[in-house]
Amino acid sequence: MELDLHVHRFDWAGGPSGIGPGVADLARRAEAIGVKTQSFMDHYFQMDWMAPAQDPMLEGYTALGFVAGVTSRLRLRLLVTGVSYRHPGLLAKIVTTLDVLSQGRAELGIGAAWYEREHRGLGVPFPPTGERFERLEEAIQICLQMWSGNDGPFEGRHYQLAETICAPQPVSRPRPRLLIGGSGERKTLRLVARYADACNIFGGPDDVARKLEVLRRHCDAVGRDPKEIEVTAMYRELPPGAGPKEVLGGAEAFARIGVSTLVTGAVGPDPGGWLESTFGPVMDELAAIEHAPW
């Protein structure tokens, strides 16, 4: 079992002048205890169901570039890129730049986007749900084409590219890993089965197990081996003061249904300290947990 860190708030850092040093410190501490991947949200306003929209929020790819510069092993992704925020050709170039400068540590996490308020607030078009999913599939196809060395045109329903040049190509081989976020059974998990190297599913073990059964059926429909897809699940709902027994017990419950990577959050006024005290003592035991095939 591996551990990823997802950073979704910045109000703990003490204002604008504290965010840079705070994020750097958190990333270094995460890397030091063996966290595999650090992710940020792809939002411009804080999610208003969690905190006021005016709370501090960073642009995701700029933040990942900063983290790349202060670490050497952490893998880097957004959880997840909203397809509506960047033209796919530019997105492929952005992720490639991150991958090249980090020496092959970038991943593309992507989804259909959902936060209408920030779209409307910042003047970003917000197509209907069906169209966003159509655009998501085309965006994935464009990125894969640009990372294949094929620099010819792309003709889709929503995107037309005369040339898909991407130079330099990514350092990652054969390309940056692709994670598709979300648990929608009819559209999202179908795209996971067809394209993704990893998925991210919300919910407890029972909910995740049910979603994985749906994903297995989609894999069967397209002739995909489910073992090719890394299963990640959110692991943030720990009781206050959770000790090693509680942390490992929850991890084992996810491992039994096929989850191989837990994604925890940055919690409280000292998220680095929380991460070290909650997970630092159990990282060896966590790594020894073997996930079941799903």
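We did not get these values from a lab; they are worked out from the coordinates using the rules stated. Please read these numbers as outputs of a predicted model, since none were measured by experiment. Backbone-built Cβ (ideal geometry, glycine too); neighbour counts: all protein chains shown.
Before moving on, here are some points about what is shown:
- Distribution of pairwise C-alpha distances over segment 144-294, 10 Å bins, in %: 10, 31, 29, 20, 9, 1
- Segment V171-H87, length gained on full extension (0.36 nm per residue, minus Cα span): 28.0 nm
- Other residues with beta-carbon under 12 Å from the beta-carbon of L98 carry, at +1 per Lys or Arg and -1 per Asp or Glu, a net charge of +2.
- Rh (Kirkwood; distinct C-alpha pairs) - the chain, Å: 19.7
- Considering all different alpha carbon pairs of segment 251-294, the Kirkwood hydrodynamic radius works out to 11.5 Å.
- Taking the convex hull of the alpha carbon positions in segment 104-205 and averaging its projected area over all directions gives 8.2 nm².
- Centre separation in Å (Cα based) which lies between segment 120-197 and segment 16-47: 25
- With contributions of -39500 (n - 2.57) from each DSSP H run of at least four residues, the per-residue ellipticity at 222 nm computed over the chain stands at -13000 deg cm²/dmol.
- DSSP H segments from the chain that extend 15 Å or more along their own axis, Cα-based, with Kyte-Doolittle mean of 1.0 or above: 60-70, 88-101
- In sequence order, segment 256-269 has phi-based couplings of 5, 9, x, 6, 10, 9, 9, 10, 9, x, 9, 10, x, x Hz under the Karplus curve 6.51 cos²θ - 1.76 cosθ + 1.60, θ = phi - 60°, and Gly or Pro positions carry x.
- In segment 111-166, the inverse of the mean reciprocal separation of distinct Cα atoms equals 12.5 Å; this is its Kirkwood hydrodynamic radius.
- Two numbers describe the Cα atoms of segment 1-89: Rg and Dmax, which are 13.2, 36 Å.
- For segment 2-288, the relative contact order is 18 percent, taking Cα pairs closer than 8 Å that sit 6 or more residues apart in sequence and dividing their mean separation by the residue count.
- Summing Cβ point charges (Lys, Arg +1; Asp, Glu -1) relative to the Cα centre of the chain gives a dipole of roughly 480 debye.
- Summed side-chain charge close to A242 - residues other than A242 whose Cβ falls under 15 Å, Lys, Arg +1, Asp, Glu -1: -3
- Net charge over other residues, Cβ less than 10 angstrom from the Cβ of A51 (K, R count +1; D, E count -1): -2
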